[in-house]
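Structure first, commentary second.
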Amino acid sequence: MSGENGLQRIYFSEAMKKRLTFLIRSLENGGAEKQLITLVKNLDQKKFDLSLICFYGGGVLEKEIEKNSHIRLISLEKKGRWDLVKFWYRLFFYITEIQPDILYGYLGASHLMTILLKIFNPSTLMVWGVRSSYVDFSRYDWLESFIFKLQCFFSRFADLIIVNSYAGRDYHVGHGFPNSKMIVVPNGIDTDRYQPKPDLRAKVRSEWGVARETFLIGRIGRLDPMKDYPTFLKAAALFYKQRKDARFVCVGSGTDNYLDELLQLAKQLGIAEQVIWAGSRSDMPAVYSALDIACSSSYGEGFPNVIGEAMACGVPCVVTNVGDSAWIVGDTGIIVTPQDPEALASALLSCGERNLDEMGQKARIRIVENFSVDQLVKQTTEVLWQKV
């Protein structure tokens with residue numbers, strides 16, 4: 001009897017499985033892309049038949065998907081911005097072949113694709129994944145602003161909009177997104193991967209030429225205007241005036257032009273020798289563990305993964321009050337107003353005088369209890385199954 005019941009349960013599960021397809025521009029090294037991979041890898045194979053379609057192939061994070069044979073990875077081999085006809089043909093071909101029950105567009109341009117495809121696939125649940133809050137479009141290419149305006153208009157045709165932060169929800173509702181279709185599902189932090197690595201702390205510091213007794217403050221994130229590295233550097237200069245035992249590390253990549261601007265600013269501030277430009281790193285738990293304090297100086301965020309990751313690694317955080325940063329940190333760190341170098345420097349100095357080990361322990365507990373991958377997967381699964 002138990003064997004028959006087991007077979008029946010398996011059969012029922014297979015019969016009820018939903019074809020879930022994600023659509024994203026690329027799998028380059030970014031916070032949203034990493035979060036998508038975390039979600040896809042952990043979704044229940046018994047509930048979903050999973051596919052992931054990328055506009056552009058060759059992203060550095062693709063190898064994470066390739067390790068999972070149950071996830072079908074498809075590249076549309078887009079050649080550039082204006083490679084539209086062949087791109088659309090390939091997209092239409094694969095969607096017709098897969099016939100997804102749910103098409104989940106991740107980030108701007110992918111959202112618009114779901115609306116076009118809805119014309120030909122009216123029974124497919126079209127889902128948007130919104131990953132940002134405030135964006136200063138004056139700092140970006142004109143196309144970014146245009147795509148956002150199109151999203152604001154066409155958002156009424158999406159079936160469901162999943163946003164990763166309350167700040168992001170409020171911002172988009174304020175720009176015309178339908179509140180009735182929006183639901184907040186916070187990011188999930190892999191606390192098994194992101195945990196303190198005291199054995200690697202000295203190794204990473206040695207690579208950077210940082211002594212054990214040096215006070216090290218890290219700014220983690222891509223070199224992007226929204227991350228406001230200039231404010232971080234100005235705060236670092238003020239901090240260094242008070243504590244000569246300090247050094248600062250910036251971990252992330254960006255355009256050569258923007259990096260040159262930041263290098264010049266560090267030189268003008270007199271801290272060029274105190275700032276380490278580490279570029280992108282793949283061993284982030286070890287990188288976080290090398291820090292005494294992690295700092296986020298952004299003036300625009302949704303749910304910043306780097307804050308949750310640093311906290312999971314037991315590192316106290318000083319962050320600007322943007323997006324859901326304050327909610328993530330809670331009472332385990334210090335929150336300051338954005339674009340205020342003096343306030344940021346003061347907060348860093350105050351944090352440095354506290355019991356950092358105790359703060360770090362509280363920070364990790366907060367992430368484990370409130371922002372786990374299990375919660376991300378559970379909430380996403382429940383939302384999708386309720387709607388499909």
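The values are calculated or read from the model by the stated rules, or taken from the named source; none is laboratory data. On a predicted model such as this, the values are computed, not experimentally measured, just so you know. Cβ placement follows ideal geometry from the backbone for every residue including glycine, while neighbour counts extend to all protein chains displayed.
Here are the numbers for the structure shown:
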{"quantity": "Where a residue in the range 364-384 is without any contact (Cβ under 8 Å) to a residue 24 or more places away in the chain and closer than 20 Å to Ser289 by Cβ and its partner, wherever it lies, is of a type in the set (Lys, Arg) and buried (at least 16 other Cβ atoms within 10 Å of the Cβ), with Cβ under 7 Å and at least six apart", "calculated": "none"}
{"quantity": "Residue satisfying condition, being surrounded by 14 or more Cβ atoms within 10 Å (Cβ to Cβ), under 19 Å from the mean Cα position of the chain (by Cα) and farther than 28 Å from Lys378 by Cβ, within set Val130, Val185, Val135, Val163", "calculated": "Val135"}
{"quantity": "Pairs where the first residue, in the range 247-271, is touching a residue at least 60 places away in the same chain (Cβ under 8 Å) and the second is of a type in the set (Ser, Thr, Tyr), C-beta under 9 Å, 6+ apart", "calculated": "Ser253/Ser280"}
{"quantity": "Residue satisfying condition, being within 23 Å of Glu382 (Cβ to Cβ), hydroxyl-bearing (Ser, Thr, Tyr) and assigned by TED's automatic domain parsing to the domain that holds Lys41, within set Tyr56, Tyr104", "calculated": "Tyr104"}
{"quantity": "Failed criterion for Ile365 (all others in (1) over 23 Å from Asp170 (Cα atoms); (2) surrounded by 18 or more Cβ atoms within 10 Å (Cβ to Cβ); (3) among the aliphatic types (A, V, I, L, M) hold)", "calculated": "(2)"}
{"quantity": "Members of the range 170-204 that are in contact (Cβ under 8 Å) with a residue 24 or more places away in the chain, within 26 Å of Asp374 (Cα to Cα) and assigned to a helix (DSSP H, G or I)", "calculated": "Asp170, Lys181, Pro198"}
{"quantity": "Spans of strands (runs of 3 or more DSSP E) in the range 207-280 with at least 1 residues loosely packed, with under 14 Cβ neighbours inside 10 Å", "calculated": "275-279"}
{"quantity": "Helices (runs of 4 or more DSSP H) contained entirely in the range 283-356, each with at least 3 residues that are surrounded by fewer than 24 Cβ atoms within 10 Å (Cβ to Cβ) and in contact (Cβ under 8 Å) with a residue 24 or more places away in the chain", "calculated": "284-289, 341-352"}
{"quantity": "Residue within the range 147-165 that is at positive phi and free of Cβ contacts under 8 Å to residues at least 40 places away in the same chain present", "calculated": "no"}
{"quantity": "Residue identified as within 14 Å of the chain's Cα centre (by Cα), of a type outside the set (Val, Ile, Thr) and under 25 Å from Gln264 (Cβ atoms) among Ser298, Ser280", "calculated": "Ser298"}
{"quantity": "Selection count, the range 138-160, where residues are part of a loop (DSSP other than H, G, I, E, B), surrounded by 14 or more Cβ atoms within 10 Å (Cβ to Cβ) and out of contact with any strand residue (DSSP E or B) (no Cβ under 7 Å at 6 or more places or on another chain)", "calculated": "1"}
{"quantity": "Flag if Val322 is outside the structural domain of Leu20 (by TED's automatic domain parsing), closer than 28 Å to Asp136 by Cα and not small (Gly, Ala, Ser)", "calculated": "yes"}
{"quantity": "Long-range neighbours under 6 Å by Cβ, at least six apart or interchain, first residue touching a residue at least 12 places away in the same chain (Cβ under 8 Å) within the range 80-97, second surrounded by 10 or more Cβ atoms within 10 Å (Cβ to Cβ) and not in a helix (DSSP H, G or I)", "calculated": "Phe87/Leu76; Phe87/Lys78; Arg90/Leu76; Leu91/Leu76; Tyr94/Ile74"}
{"quantity": "Qualifying position, being loosely packed, with under 12 Cβ neighbours inside 10 Å and over 21 Å from Thr38 (Cβ atoms), among Phe120, Phe92", "calculated": "Phe120"}
